[in-house]
Amino acid sequence: MKKITVFNKIAQVGLDVLEKRYELVDTLDGADGILLRSAKLHDTVFPSSVKAIARSGAGVNNIPIERCTEQGIVVFNTPGANANGVKELTICALILASRDVLGGANWASSLVGEADVAKAVEAGKGAFVGCELAGKTLGVVGLGAIGGSVANAATALGMNVIGYDPYITAKAAWSLAPSVKQASGYDEIFKKSDYITLHVPATEQTKNMISEKTISQMKKGVKILNLSRAELVCADDIKAALASGKVGKYVTDFPTNETVGVEGIITIPHLGASTYESEDHCAVMAAKQLHEYLSCGNIANSVNFPSVSLPHTSFARACVLHKNVPNMLTQITSAFSADGINIDNLANGSKGQMAYTIVEISSAPDEKIVKELESIDGVIRVLTY
């Protein structure tokens, strides 16, 4: 029986997908796959047995993606599984940025012992006056599963919504409300928005995308929401902008040493996906993707290899993880032909510099064909089923 190492507390509904098919363990010795949430793996040495890692959640900054790719380890995440939970918290963040609900609630709690609390409330509530969302412009940076649902929800609140995503998919575009306007670029969002909400991954390209330079383009008093990753916003620059009044409020779901306790910053303790429903959806999705790959090599929602799947209808199959270079497919199919192995079906896809090929064959692949495939320059790993 294949082994799956489980880190963190994974929702039981996700474990239920795997328990009858795999041995779930807490060590990496002999593990075929890894299922985790937030455990950090950057210092982890993966044994050669590990074929896949499934992250129950969207972010994968706790996983050494480049090293996994070099070792032929497919890394999965669960985009969209927690979208509703994050969307709802983003709406909450919009309201917290607009009205001093937290300050007011804390002040009301301090009225214990007052002779007439109701009278004190009426006298003091003016200190917590805020503004409404209706009629204001919300700029949505990133229109994936979460950003798109936030955009749609904001239109229902009466906001004018503009969004930008250079990588938007056709499915995501079709899911947007007709009233959501497409910006020409990030600069248009920065210049026109009363509120800006970030829904992009943390990469070298997006790190510090909110900085002194971009803040200088924004309206005075703009309110910024970050429920994606702390690295998207330069802490020093946002604090300076708050102090000057350029930024009216900063709400983040990723508290850091630099942002906690700062006036004008509301730090939420990473609650975006902390709902029972989100945890269940992510766990089930991660477990199913891990099982599909370990059982027949089909890939969906991998961050380092392309999504490629094929019905397993032939006697056996060989799956080849390889670099996306010319003549690779020809060399793979030629290896089977040279060994007299008939190819019944084939699927291939690429993602950046990486590619993946599934070959359905009419007879079981032997050690000879596996070694021949592995000897092809650019092949990273070969798995057989």
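Values as computed for the structure displayed
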item: Neighbour cut-off at most 15 other Cβ (10 Å), DSSP loop, GluC sites (Glu not before Pro), region 1-92; result: 19
item: Most mobile listed residue (325, 222, 50) in the chain, GNM with C-alpha springs under 10 Å; result: 325
item: Within-12-Å neighbourhood charge of residue 356 [Cβ basis; K, R +1; D, E -1]; result: +3
item: Dipole of region 259-330, positive direction: furthest Cα of 322, 295, 309, with charges on the beta-carbon; result: 322
item: Accessible area, probe 1.4 Å, largest first, for residues 223, 125, 239; result: 125, 239, 223
item: Point-charge dipole on Cβ atoms (K/R +1, D/E -1) for the chain, about Cα centre, debye to 20; result: 800 debye
item: Qualifying lysines (Cα of each under 21 Å from Cα of residue 371; at least 8 residues distant if same chain); result: 51, 323
item: Area of residue 265 that stays accessible when all protein chains are in place (1.4 Å probe, Å², to 10); result: 20 Å²
item: Under 14 Å from residue 171, Cα to Cα: aspartates and glutamates that are on another chain or at least 8 residues apart; result: none
item: Surface accessible to a 1.4 Å probe, residue 67 within the full protein complex, Å²; result: 70 Å²
item: Calculated log₁₀ intensity ratio I(q)/I(0) where the Debye formula runs over C-alpha points of the chain, q = 0.06, 0.09 Å⁻¹; result: -0.31, -0.63
item: Local electrostatic count, residue 243, Cβ distance below 12 Å [Lys/Arg +1, Asp/Glu -1]; result: -1
item: Size of electric dipole in region 72-180: Cβ of Lys, Arg +1 and of Asp, Glu -1, about Cα centre, debye, nearest 20; result: 280 debye
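The values are calculated or read from the model by the stated rules, or taken from the named source; none is laboratory data. These numbers were taken from a predicted model, which means no experiment stands behind them. Note that each Cβ is placed from the backbone with ideal geometry, even for glycine, and that neighbours are counted across all protein chains shown. We work out accessible area using only protein heavy atoms, side chains counted, and drop any ligands, DNA or RNA first. Shrake-Rupley method; radii C 1.70, N 1.55, O 1.52, S 1.80 Å.
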